[in-house]
1. Given the structure, is Lys55 open to solvent by 90 Å² or more (accessible area, probe 1.4 Å), part of a loop (DSSP other than H, G, I, E, B) and not aliphatic (A, V, I, L, M)?
2. Only residues that are loosely packed, with under 12 Cβ neighbours inside 10 Å and under 9 Å from the mean Cα position of the chain (by Cα): list them for the range 58-93, please.
3. Kindly indicate whether any position in the range 37-47 is modelled with pLDDT under 95 and within 30 Å of Arg100 (Cβ to Cβ).
4. If we keep just the residues of the range 106-128 that are at pLDDT 85 or above and over 17 Å from the mean Cα position of the chain (by Cα), which is least open to solvent (accessible area, probe 1.4 Å)?
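The values are calculated or read from the model by the stated rules, or taken from the named source; none is laboratory data. Because the structure is predicted, anything quoted here is derived from the model rather than measured. Reconstructed Cβ throughout: ideal geometry from the backbone, glycine too, with neighbour counts over all protein chains shown. Only protein heavy atoms, including side chains, enter the accessible area calculation; ligands, DNA and RNA are left aside. Shrake-Rupley method; radii C 1.70, N 1.55, O 1.52, S 1.80 Å.
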Amino acid sequence: KNFRISEKTEEIEIRLAISRFGYEKAVFLLEKQDIEEKTGGKYKNAAENIFKDEKNCLSLKKLEINGNDLKKMGVTGKNIGILLNKMLEMVIKGKIENNRKKLLKSIEKIINIWYNIKGGFLLIFPPF
């Protein structure tokens with residue numbers, strides 16, 4: 001797979017890489033790009049700083065909501081994981097704060113907008 005960090009979205013892409021691949025694999029991939037681009041360890045250092053910062057939410061474990069919250073809202077099955085992962089991605093990209101109240105409000109909006117007439121939850125998300 002080609003894995004590349006662009007200058008414009010560097011921090012977000014590094015956060016997503018850590019979230020998707022795990023810290024060690026992300027650092028390995030970033031070190032490889034550092035070597036290829038002769039950056040002097042720029043991307044690896046950025047990843048280390050992001051990972052060390054306790055405020056960064058890079059996993060579902062650090063997300064302020066969990067599956068039980070979604071179950072209470074009537075979400076079931078695979079949709080729980082899909083919604084949690086979507087919220088994590090939005091937090092990582094800085095589109096929403098990792099704040100329980102704000103996350104639940106966003107979930108509520110998604111449910112209200114995309115709830116099927118038959119009572120089944122649609123696996124489609126509005127653009128955020």
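1. Against the criterion (open to solvent by 90 Å² or more (accessible area, probe 1.4 Å), part of a loop (DSSP other than H, G, I, E, B) and not aliphatic (A, V, I, L, M)), Lys55 qualifies.
2. none
3. Within the range 37-47, one or more residues are modelled with pLDDT under 95 and within 30 Å of Arg100 (Cβ to Cβ).
4. Among residues in the range 106-128 that are at pLDDT 85 or above and over 17 Å from the mean Cα position of the chain (by Cα), the one least open to solvent (accessible area, probe 1.4 Å) is Glu108.
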